Amino acid sequence: EESMWCPISMMIAGAVSQSASLVWSNLHGQILNASYNIIPTISTLNRTIMEEYTTWIDQLFSFYTASRLRRSVMRPAPPKEILQLMKLAAEIKLHNSAVSNKKERRSLRILVLGGSVTSGVGCTWPVGLGIPKPRHWATPGENCAWSFFLETILNHILFDGEDIVQVENFSSGGQTSEFGAMMLDYRLYPNPERPPDVIISSFSANESREPDLNTVMYDFMQSFVKAAQGIQPCNNNAPLVILVDDFYGDLPYRAQAQTGNIFKISAWNNLMAVDYSSVVKYKILVEENSQWEPLFGSDFQIHLGIGMHIGLAWTLVFNIINSIVNVCNDAHIGVESHRLDSSDFMLAEAPSKFSKGTDSHDHLRPSSIDPHLLPHLKKEEPPFQQFGKMYEPWGKRDEVRKEFEQNANRTNEHCRAISRNSNSTNKKCSWSWFFNRMAQFDRPNQINAKMDEVLLQNEGWAAEGFPIKQPRAGWYSHKPNSKFSIKIESMEVDTKYVVILSMKSYSSKWVGSKLAVSTTVVHGPVVPGKESNRTKAWDVSEVGSIFHIDGYHTIETSVHFPHKIPIQGGAKAGESLILDAKLVGGSEFKIAGMAFCAF
């Protein structure tokens, strides 16, 4: 019966009755073969270079022993979430085998969000492998980020090389999980009609540098978790959320504090968490640089090299294997079946190789000492996805329970509404754009084209900049009192907020930088001609509701921040909206994204 619970590849590797460490050892050859194939130029390498390349991979892999990798298991994945992913992968594999058109093929979608480290900045391939180095230090090398390696290795060892897993990296430099939460809340990733099955958060490098780590934990990270869990609100077992602690660079004490934040959030919300820093920090903190630089492929800094990216991919694979092995072991010894009832997930019948199984306590009978004990213990735990946020500094059990009940009721009502209205849309925003290189929206002409769709008037603003080197592409002002107005006609959804992603800089040119923003709702699908003249709107002192955004700060790094601007009274779907913006302080400002959204 245990064969009903494990992927065949994991069964062959011993996952039914062995430990994750033994399974890792049994998969040694497959992991290495998959790792050899991550290089884009493998077909062009001659025998000598190929031998040098595979030897280099072998030597890197020798550091990632099971004993070191076990230190990275901060928290394994919830068993039911792993089981559902295995069932879904089996369905996808079965579906793909029956279709010939590639466009009809499905995939298990993993969405990765993070900062510049996660996007691969600073990652380049060793010289001699036929892969040209990027022209700029901030350009990742070709397929040179751990997300590429993760996809290749998972497909190789779990699905015999078949493209079942698809890893999509939408990381962006200078961001924190506050921005990640916004991306998820507003479904600003490509193909939002296809919700991701796994969401990976990897913002440690930037969040370690935030001035207030309490804000990072209580606000940014918890908002990200709730946004991720809200992607599939009617499914208590999806998506699988993984928090990755990927950073142990030049701020070890701050990095350790952020590691603590990740543990607290993962423990409170029952999330999978991976501590890559604990795999490498005992080597890099006290040894001479020459001893550990080859392990990373770079010196000690924020943006580490290809060695770090390959090692982080191996670390994530070990953690995923560990979580799968846990479920396989539980089924084999009969301790827990991790049953997925029909109410637990919204999927068709799974292939027959999966079974509900039995639990070892099924044979127990109630005790006369306390006849209520067993029935209560056998009852399912409440879904942890409905837990509320942690609050600083104190919280009582009654408050936790009250918020849980409110969340559960709200979710149930939302899901009932969805079931009543099968035509409901997943769209959260009527109009949006955000600079993101990984999403291939990173050039001034793209921003100009998007703004030209809606511009009413413009004095002093322009799209400029570069995809990689500074200044990065955005909507810029370089003169005092610059201003612009845009109109969004016939809103697609009820819209209550304008979201502006803007940069704060520490440059002396940005001192006093301040943008004033106001909105006007037009009760009709089209903005009348008289409203198109925004001459009076330029005098922001006469506008009722004004939101100010500062463009300067004293922290010696430029960072992008999202700002949610409430629209008084909101705009109904089908109505129109005008936004007026004016630089009322300083001469410099940058907008890196805008959205008109439902919440």
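Based on this model, can you work out whether residue 49 counts as more than 21 Å from residue 311 (Cβ to Cβ) and either open to solvent by 40 Å² or more (accessible area, probe 1.4 Å) or among the polar types (S, T, N, Q) (or both)? Taking the combined requirement at face value, the residue satisfies it.
Given the structure, is residue 117 open to solvent by less than 20 Å² (accessible area, probe 1.4 Å), under 23 Å from residue 503 (Cβ atoms), in contact with a strand residue (DSSP E or B) (Cβ under 8 Å, 6 or more places away or on another chain) and among the aliphatic types (A, V, I, L, M)? Yes, satisfied.
Filtered by the rule that a residue be more than 23 Å from residue 143 (Cβ to Cβ) and touching a Leu at 6+ places or on another chain (Cβ under 9 Å), the range 16-53 gives 20, 21, 24. Being outside any strand (DSSP E or B), touching a residue at least 12 places away in the same chain (Cβ under 8 Å), polar (S, T, N, Q) and open to solvent by 60 Å² or more (accessible area, probe 1.4 Å) holds for only one residue in 481, 458, and it is 481. All of 463, 417, 449 fail the test of being outside any loop (DSSP other than H, G, I, E, B) and open to solvent by 50 Å² or more (accessible area, probe 1.4 Å), apart from 449. The residue that is nearest to residue 246 (Cα to Cα), among those in the range 290-301 that are open to solvent by less than 70 Å² (accessible area, probe 1.4 Å) and at pLDDT 80 or above, is 296. Checking 90, 34 one by one, the residue that is at pLDDT 95 or above, surrounded by 17 or more Cβ atoms within 10 Å (Cβ to Cβ) and among the hydrophobic types (A, V, I, L, M, F, W, C) is 34 and no other. Summed over the range 302-323, the residues that are β-branched (Val, Ile, Thr), open to solvent by 10 Å² or more (accessible area, probe 1.4 Å) and in a helix (DSSP H, G or I) give a count of 1. Being at pLDDT below 95, part of a loop (DSSP other than H, G, I, E, B) and hydrophobic (A, V, I, L, M, F, W, C) is a description that applies to residue 573. Within the range 173-207, being open to solvent by less than 10 Å² (accessible area, probe 1.4 Å) and of a type in the set (Gly, Ala, Ser) holds for 177, 180, 181, 202, 204, 205. If I filter the range 551-570 for residues that are in contact with a Phe, Trp or Tyr (Cβ under 7 Å, 6 or more places away or on another chain), among the aliphatic types (A, V, I, L, M) and either open to solvent by 30 Å² or more (accessible area, probe 1.4 Å) or at pLDDT 95 or above (or both), do I get at least one hit? Scanning the range 551-570 turns up at least one residue that is in contact with a Phe, Trp or Tyr (Cβ under 7 Å, 6 or more places away or on another chain), among the aliphatic types (A, V, I, L, M) and either open to solvent by 30 Å² or more (accessible area, probe 1.4 Å) or at pLDDT 95 or above (or both). I need every pair where a residue in the range 271-283 that is under 19 Å from residue 200 (Cβ atoms) and small (Gly, Ala, Ser) has its Cβ under 6 Å from the Cβ of a residue that is open to solvent by 10 Å² or more (accessible area, probe 1.4 Å) and assigned to a loop (DSSP other than H, G, I, E, B), sequence separation at least 6 or different chains. Short answer, once both residue conditions are applied: 277/248; 278/71. Taking the numbered list (1) at pLDDT 90 or above; (2) open to solvent by less than 10 Å² (accessible area, probe 1.4 Å) in turn, residue 213 passes all entries but (2). For residue 476, the conditions (1) modelled with pLDDT under 95; (2) assigned to a strand (DSSP E or B); (3) surrounded by 19 or more Cβ atoms within 10 Å (Cβ to Cβ) all hold with the exception of (1). Any residue that is under 23 Å from residue 284 (Cβ atoms) and touching a Lys or Arg at 6+ places or on another chain (Cβ under 6 Å) - is there at least one of those in the range 204-214? There is at least one residue in the range 204-214 that is under 23 Å from residue 284 (Cβ atoms) and touching a Lys or Arg at 6+ places or on another chain (Cβ under 6 Å). Look at (1) free of Cβ contacts under 8 Å to residues at least 12 places away in the same chain; (2) in a loop (DSSP other than H, G, I, E, B) and you find that residue 194 fails only one, number (1). For the range 6-22, taking the residues that are of a type in the set (A, V, I, L, M) and not in a helix (DSSP H, G or I), the one that is nearest to the chain's Cα centre (by Cα) is identified as 15. Of the residues screened, residue 266 is not one that is open to solvent by less than 30 Å² (accessible area, probe 1.4 Å) and over 19 Å from the mean Cα position of the chain (by Cα). Entry remark, the range 37-53: residues being part of a loop (DSSP other than H, G, I, E, B) and farther than 21 Å from residue 156 by Cβ number 1 in total.
A quick yes/no check of all residues on (1) modelled with pLDDT of 90 or more; (2) within 18 Å of residue 311 (Cβ to Cβ):
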| residue | (1), (2) |
| --- | --- |
| 110 | yes, no |
| 114 | yes, yes |
| 134 | no, no |
| 182 | yes, no |
| 185 | yes, no |
| 204 | yes, yes |
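If you filter the range 490-523 down to residues that are closer than 24 Å to residue 180 by Cβ and among the aromatic types (Phe, Trp, Tyr), you find that the one that is surrounded by the fewest Cβ atoms within 10 Å (Cβ to Cβ) is 506. When the range 420-446 is limited to residues that are more than 30 Å from residue 529 (Cα to Cα) and surrounded by 12 or more Cβ atoms within 10 Å (Cβ to Cβ), the one that is modelled with the lowest pLDDT turns out to be 438.
Screening residue 244 against (1) under 18 Å from residue 189 (Cβ atoms); (2) assigned to a loop (DSSP other than H, G, I, E, B); (3) open to solvent by less than 30 Å² (accessible area, probe 1.4 Å) leaves a single unmet condition, (2).
The values are calculated or read from the model by the stated rules, or taken from the named source; none is laboratory data. Please read these numbers as outputs of a predicted model, since none were measured by experiment. No Cβ is skipped: glycine too gets one built from the backbone with ideal geometry, and neighbour counts run over all protein chains shown. Each accessible area value is taken on the protein alone, full model and side chains, heavy atoms only, with ligands, DNA and RNA left out. Shrake-Rupley method; radii C 1.70, N 1.55, O 1.52, S 1.80 Å.
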